[in-house]
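Student: Could you have a look at this structure, given as structure tokens, before my questions?
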Amino acid sequence: MRTKYGGGGDEKRKEKKRKEKLTRNKLNYLLQRFQWSSSGAHRELCNLKGRSDDECQNYLRVFGRQGPNKFLVCGTNAYKPLCRQFTIKVSPC
């Protein structure tokens, strides 16, 4: 049987869960609010190559966190893949 000394482990776990929840909430908010359409020219070129209107949209394929408020987003962009970095500005409540 082991004896735990020093304590604080529960507090660290609670803090980690709180941060993870905040990050999940940010991601959920972003995904609900995020709109990134392909340009008309890209969609038209995609259609000229024989793709359907549905295929010529911008579907998000990568949504990754690069820092506390920085995200990398990549999309299909009407068969012209494109990635962008976004920074979330958090305003105080």
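Computed from the coordinates by the stated procedures, all read-outs in this text should not be read as laboratory data. This one's a predicted model, so the numbers in the text were calculated from it and none came from an experiment.
Student: I'm a student and want to see the number: the projected area of the Cα convex hull of segment 36-92, averaged over all directions, in nm². Spell out each step's value before the answer.
Tutor: Values: hull surface 17.8 nm².
Averaging across all directions leaves 4.4 nm² for the Cα convex hull.
Student: Given the Cα-Cα distance of E55 and R13 and 0.36 nm per residue of separation, how much length would full extension add, in nm? Spell out each step's value before the answer.
Tutor: Working: separation 42, 0.36 × 42 = 15.12 nm, distance 4.38 nm.
Contour length minus Cα-Cα distance gives 10.7 nm.
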